[in-house]
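A short write-up of the structure that comes next.
The values are calculated or read from the model by the stated rules, or taken from the named source; none is laboratory data. Because the structure is predicted, anything quoted here is derived from the model rather than measured. Counting neighbours? That spans all protein chains shown, and the Cβs are built from the backbone with ideal geometry, glycine included. Side chains are part of the model used for accessible areas, which takes the heavy atoms of the whole protein and leaves out ligands, DNA and RNA. Shrake-Rupley method; radii C 1.70, N 1.55, O 1.52, S 1.80 Å.
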Amino acid sequence: MDRSVVTIGRHIMDAERLYPEATGALSTILYELALAAKLIGREVRRAGLVDIIGQTGHVNVHGERVRKLDEYADDVIFRALDHCGHLCVMASEEEEDIRLIPEKFECGNYVLTYDPLDGSSNIDANISVGTIFSIHHKVSKGPRGSIEDALQPGYRQVAAGYVMYGSSTMLVYTTGRGVHGFTLDPSIGEFILSHPWMRIPAAGQRIYSVNEGNFSYWSPGLQRLVERLKGIDGSNEKPHSARYVGSMVADVHRTLLYGGLFMYPGDVHHPRGKLRLLYEAAPMAMIINGAGGRATDGYRDILSIQPTELHETTPLYLGSPAYMDLVDEFVGADPEPLVATA
Ligand code: AHM
Ligand code: MG
């Protein structure tokens, strides 16, 4: 084997060796997540064939109901990890409540929260979608885990990452020791280290990313920030490029590689925005922080926010340090968070 080829398995093992006290539990969880990503990626690739083999909700030729891809992804991740003996609780964006590990399996010391297929409404248009995951230690005292384990702030994450099902499938993760990206080589079915020690550019390619259709619902500070980025606030700044896929994993991945600013702000109708703190904002914040960027809700570090509900949402601003300083200056200057009017 070419000595420069590092598979995700080897990378995880090498990292584990740096910690003599490590039990291998976290490595196993990450490895199983990579396996689940391959299975999900395979189905995403076949998504266009759904019209040929049967519509979602219909019965396929094997007599099985054809499931929505996000339900499938949810199930694949749960079943890849329920029996590993290292998790006590899982919580998914697709499920209302936490999911305890079935009694027949051992209960472990870690907690997994995940968004199985973010941006799934884009699938029919063949646009990139992704899986986002976050891992914490168990903190509850009981034998089998509880909601307390899922409701932990982002700074306590022990690992986080995402998988992007795009023109290639990529897995990016951190355990707090750098951010590392792997590209799936479909010919051998392995994630290969392609982006070691990822760093977000300090400013990058002058790109901002936001659903600007909501402009009239935004706070004055945010409106002024975007006018600055467009160079129409009298500052005579050269206009930035606007890029918005509408699929968070793709927008964040581009921001990580090229730099710039990604925003999903609150607005007058949704003061707390749309993105979920536990499944989307906190893990992406750990990645962006680990790569030298920052993530806030306009006022607070995302990683400092204590969740109170599984599905609570948060405004999200993340990106290069230079742009996050602008967010502090413009959005942070708004005296009050927005209050819903409808
Ligand atoms: P989902 O979890 O229902 O897929 O929604 C999350 C997605 C993100 O990927 C993306 O950033 C956002 O919704 C786009 O929302 P909008 O269409 O309002 O811009
Ligand atoms: Mg989502």
Positions within region 113-127 being more than 10 Å from ligand 1 (Cβ to nearest atom) and buried (at least 24 other Cβ atoms within 10 Å of the Cβ), in sequence order: Thr113, Tyr114
Residue tally, condition more than 16 Å from ligand 2 (Cβ to nearest atom) and assigned to a helix (DSSP H, G or I), over region 273-326: 12
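When residues of region 209-252 are filtered for being open to solvent by less than 40 Å² (accessible area, probe 1.4 Å), more than 24 Å from Val172 (Cα to Cα) and of a type in the set (Ser, Thr, Tyr), how many remain? Outline the logic, then answer.
Looking only at region 209-252, we keep the residues that are open to solvent by less than 40 Å² (accessible area, probe 1.4 Å), and these are 209-210, 214, 218-219, 221-222, 225-226, 229, 231, 240, 246-252.
Subset that is more than 24 Å from Val172 (Cα to Cα): 214, 218-219, 221-222, 225-226, 229, 231, 240.
Checking the rest, the ones that are also of a type in the set (Ser, Thr, Tyr) come to 219.
Residues meeting the conditions: 1.
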Close pairs from region 119-137: first within 16 Å of Arg45 (Cβ to Cβ), partner among the basic types (Lys, Arg), Cβ under 8 Å, at least 6 apart: Ser120/Lys68
Near pairs, Cβ below 9 angstrom, 6+ apart or cross-chain, from region 200-217 (not assigned by TED's automatic domain parsing to the domain that holds Tyr323 and in a helix (DSSP H, G or I)) to any residue that is more than 16 Å from ligand 2 (Cβ to nearest atom) and open to solvent by 40 Å² or more (accessible area, probe 1.4 Å): none
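Can you tell me which residue is farthest from Gly41 (Cα to Cα) among those in region 69-106 that are open to solvent by 50 Å² or more (accessible area, probe 1.4 Å), within 16 Å of ligand 2 (Cβ to nearest atom) and in contact with a strand residue (DSSP E or B) (Cβ under 9 Å, 6 or more places away or on another chain)?
Glu94
Which residue is farthest from ligand 2 (Cβ to nearest atom), if the candidates are limited to region 199-208 and must be in contact with a Phe, Trp or Tyr (Cβ under 8 Å, 6 or more places away or on another chain) and farther than 21 Å from Thr174 by Cβ? Even if it seems obvious, please write down each step before you answer.
From region 199-208, those in contact with a Phe, Trp or Tyr (Cβ under 8 Å, 6 or more places away or on another chain) are 201, 203-205, 207-208; that's our starting set.
Okay, now just the ones that are also farther than 21 Å from Thr174 by Cβ, so 203, 205, 207-208.
Values: Ala203: 28, Gln205: 26, Ile207: 22, Tyr208: 21 Å.
Per the criteria, the residue is Ala203.
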Some residue of region 107-116 being under 16 Å from Ala25 (Cβ atoms) and within 16 Å of ligand 2 (Cβ to nearest atom): yes
Search result, residues across region 232-265 that are within 16 Å of ligand 2 (Cβ to nearest atom) and in a helix (DSSP H, G or I): Met248, Val249, Ala250, Asp251, Val252, His253
